[in-house]
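Working notes, beginning with the structure itself.
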Amino acid sequence: MPILNNIEWEKKYKEHFEKQDAEEIVVNQDKDVQDAADERMARGDEEMNDVEKELLMKKTKYDCLVRQFWAPERRAEWLARMEKAGSIPGSAQDNRAASAISSVKESIGDKEEIPKYSPLVPEMWKERMLEFSNLHVVKFLRIFQSAMYLLKFKTREEVCERGTNLLIWKKIKPYFQIENDDSFYKAISTYQPFG
């Protein structure tokens, strides 16, 4: 059933929350462009041209998306803010509220409830990948193999069966489960696609 739950979560994310993430990214892009323009004005440099603005916006979007895989400091800050606001995801308070709402919902009718969502949660996708790493059989290993090579995370000899190009899930699975600087998530965060 965990796979079905993941599919439902993905569906809810696409239907309800992806737009909120996109809006938050645009807000961050505008803020970064404004900050860079203000910094240039303070130094007395000329204004940013459209190419520079476009590149800065791409870098900001990339940074926002990467934070969803690896950002331990930002995750701690986000959890502290959520705790202060009294709305930590998965807390007992949320469960009590959800059970109370569900009992009222049953009496009202069968309307689907959209849960609360916080845009661009640090390490959100890392949590999903940790769930994924508990699986014993995985399809489409070529995707992981390509990602490992692209990120220069591990060499072919370290992740493939000896003398072949066949990726072994048992060899790479631990890298999805560890949470230190040798993890796959850290490799994602350090990858720089900009030349």
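The values are calculated or read from the model by the stated rules, or taken from the named source; none is laboratory data. It should be emphasised that the depicted structure is a prediction, and the values quoted were computed from it without experimental measurement. Please note: Cβ atoms are built from the backbone with ideal geometry, for glycine as well, and neighbour counts cover all protein chains shown.
Selection of the stretch 151-189 for residues being over 20 Å from Arg128 (Cα atoms) and among the β-branched types (Val, Ile, Thr) yields Thr155, Val159, Thr164, Ile168. Residue pairs whose Cβ atoms lie under 7 Å apart, separated by 6 or more positions or on different chains, with the first residue in the stretch 171-192 and closer than 17 Å to Arg74 by Cβ and in contact (Cβ under 8 Å) with a residue 24 or more places away in the chain and the second among the hydroxyl-bearing types (Ser, Thr, Tyr) and in a helix (DSSP H, G or I), are Ser183/Tyr175.
Checking the structure you have, find out if any residue of the stretch 43-52 is surrounded by 14 or more Cβ atoms within 10 Å (Cβ to Cβ), assigned to a helix (DSSP H, G or I) and out of contact with any strand residue (DSSP E or B) (no Cβ under 7 Å at 6 or more places or on another chain). Within the stretch 43-52, one or more residues are surrounded by 14 or more Cβ atoms within 10 Å (Cβ to Cβ), assigned to a helix (DSSP H, G or I) and out of contact with any strand residue (DSSP E or B) (no Cβ under 7 Å at 6 or more places or on another chain). Residues in the stretch 106-141 that are loosely packed, with under 11 Cβ neighbours inside 10 Å and modelled with pLDDT of 80 or more: Asn134, His136, Val137, Lys139, Phe140. In summary, helices (runs of 4 or more DSSP H) completely within the stretch 120-195 and bearing 2 or more residues that are under 18 Å from the mean Cα position of the chain (by Cα) and closer than 18 Å to Leu65 by Cβ occur at 124-132, 141-150, 184-190.
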